[in-house]
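S.K.: One structure coming up, written as structure tokens, with questions to follow.
The values are calculated or read from the model by the stated rules, or taken from the named source; none is laboratory data. In this text the structure is predicted, and so the values were computed from the model without any measurement. Every residue, glycine among them, receives a Cβ derived from its backbone with ideal geometry; neighbour counts consider all protein chains shown. Surface areas here come from the heavy atoms of the whole protein model, side chains and all, with no ligands, DNA or RNA. Shrake-Rupley method; radii C 1.70, N 1.55, O 1.52, S 1.80 Å.
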Amino acid sequence: MKLVIAGLFLLFPALVAFAVWRESSYQALGSPVAQPIPFSHKHHVGDDGLDCRYCHTTVETSRHAGLPSTRICLTCHSQLYTDAKVLEPLRESARTGRPIAWRRVHTLPDFVYFAHSVHVAKGVACIECHGHVDQMPLTWRAQPLQMQWCLACHRNPAPHLRPRDQVFDMRGNSVSAEDAASMARLMRLESRQRMTDCSTCHR
């Protein structure tokens, strides 16, 4: 009996440690995700000033932001760095017609419904979920994107909103609390009850 009790006492901390390890490995916050081409948002967005919509073409109209096609990359790289070894996967994609196998950085479970277009239309800036991608040489997950994190915003969205013309701006939010509250009214957000209802995100 004593061995069983001792085993249970040891099992509980082991389970907690395993859960913490699994959660941190799933989130991998701040860990760059390796890509077939080491694309630098810092260079393309921070230095060259590319707008998010240039590569993520469906972010305003679809659930998914979209990943850059070979054709989009070749808009510039048919002229720039055409012989760079690092861009060989791009040239191979152009030759074969097979898309570049970009790896997802932000992955939600299949049971979660999320639409980029809705958030963009309501004034939620890219930086709120994706962080300062303009400072990322390689892209990593900046936020946990867990249910409680999402619900915190759904319960009090005003501080996370911007005018629509600033949604793709990488600078910090400079909207005052008073203006944010006015903006929340102008955006005609759903009620707090609706925004925190299970069926809003789990369909």
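S.K.: Ordering T75, T82 by how much accessible area each has at a 1.4 Å probe, largest first, what is the list?
M.R.: The residues order as T75, T82, largest area first.
S.K.: Another question, if that's okay. Check the straight Cα-Cα distances from K85 and name the lysines below 28 Å, setting aside those fewer than 8 residues away within the same chain.
M.R.: Cross-link targets: K42.
S.K.: Here's another thing I want to ask about it. Which helices count as membrane-span-like in the chain under these terms: full DSSP H, at least 30 Å along the axis by C-alpha, Kyte-Doolittle mean of -1.0 or more?
M.R.: Once both thresholds are applied, what remains is 2-27.
S.K.: Considering only the other residues whose Cβ falls under 13 Å of the Cβ of H116, what net charge follows from Lys and Arg at +1 and Asp and Glu at -1?
M.R.: +1
S.K.: Further question on the same structure: Can you send over the carbon and sulfur percentage of the accessible area for the chain, probe radius 1.4 Å, protein chains only?
M.R.: Ligands and nucleic acids excluded, carbon and sulfur reach 61 percent.
S.K.: I've got another one for you. Could you work out the Rg to Rh ratio of the chain, with Rh taken as the Kirkwood radius (inverse of the mean 1/r over all Cα pairs)? Working shown, then result.
M.R.: Working: Rg = 21.1 Å, Rh = 19.7 Å.
The Rg/Rh ratio comes out at 1.07.
S.K.: How big is the gap, in Å, between the Cα center of the range 71-111 and the Cα center of the range 1-16?
M.R.: Each part reduced to its Cα centre gives a spacing of 51 Å.
S.K.: Here's something else I'd like to know. So how much accessible area does Y54 have, in Å² to the nearest 10, using a 1.4 Å probe?
M.R.: Accessible surface of Y54 is approximately 90 Å².
S.K.: With the chain treated as a Gaussian network of Cα nodes joined by springs under 10 Å, which of K42, K122, K85 yields the largest mean-square fluctuation?
M.R.: Highest fluctuation of the listed residues: K85.
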